[in-house]
Amino acid sequence: MKKISRVIIIVCLFLSASLAQQQSYGLGFEFHTIPSALMQYEGGDLGIYVPIEAGSLLIEPLIIYSSSSTEVDYNDYTIDDSDYKESNITLLIGIFKPTVRGKIRSYFGIRLGKQWAKQDYDNNDDDVENEKLIIAPTVGAEYYISDNFSFGGEAMYTMTTREVEDAGYSSTNKTTTYKNNVLIPKFIVRFYF
């Protein structure tokens, strides 16, 4: 599974670089239409889009980063203080076929990529790290207010897969596969230059 996801990411990056010969660039920011706390573990954090118009295709890398930490300081010196840190980074590449009608551009395609998450409890060596492969068929539309500014909506059906290998306490090893499917609506503002 790890080898397949690496191949997908390399192919997507190569495809975006090779198709981006005659292009225009942009920068986009997303706003969720439902609370992001509901989607936090399904690639639902806020992201930055980098739309690249490459001929008849729209190539759009998406970068999402989030981190959080919790520290508990006890006034009683007999209890050890504790802290918890979590960080997530998601890299997706979208490949879309756009159609333009006046000031409205609609598009459909797919986003492919990976999410890396790390959880650290009390700065010890028992960190929990996991990776998720993300496949997300996507449809959307944007309205151009001017040549350099648009706003629009998008629906991304996110399918994530994560495998966890566990040696356990018995003589048998096991691999647990987690699969989640979520429809994520988004509001996106894009600036083109």
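The values are calculated or read from the model by the stated rules, or taken from the named source; none is laboratory data. Keep in mind that what you see is a predicted model, and the values were worked out from it rather than measured. Backbone-built Cβ (ideal geometry, glycine too); neighbour counts: all protein chains shown.
In table form, for the structure just shown:
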quantity	calculated
Residue pairs meeting the criteria (Cβ under 6 Å; at least 6 apart or on separate chains; first more than 30 Å from ARG105 (Cα to Cα), in the range 55-80; second assigned to a strand (DSSP E or B) and of a type in the set (Asp, Glu))	SER68/GLU86; GLU71/ASP83
Residue selected from the range 61-77 under the condition among the aliphatic types (A, V, I, L, M) and modelled with pLDDT of 85 or more, by the criterion surrounded by the most Cβ atoms within 10 Å (Cβ to Cβ)	LEU62
Test: residue in the range 155-174 that is modelled with pLDDT of 85 or more and among the charged types (D, E, K, R)	no
Residue in the range 89-101 that is among the charged types (D, E, K, R) and under 18 Å from VAL182 (Cα atoms) present	no
Hey, GLY113 out of contact with any Pro (no Cβ under 6 Å at 6 or more places or on another chain), within 14 Å of ILE64 (Cβ to Cβ) and either at pLDDT below 85 or not β-branched (Val, Ile, Thr) (or both) or not	yes
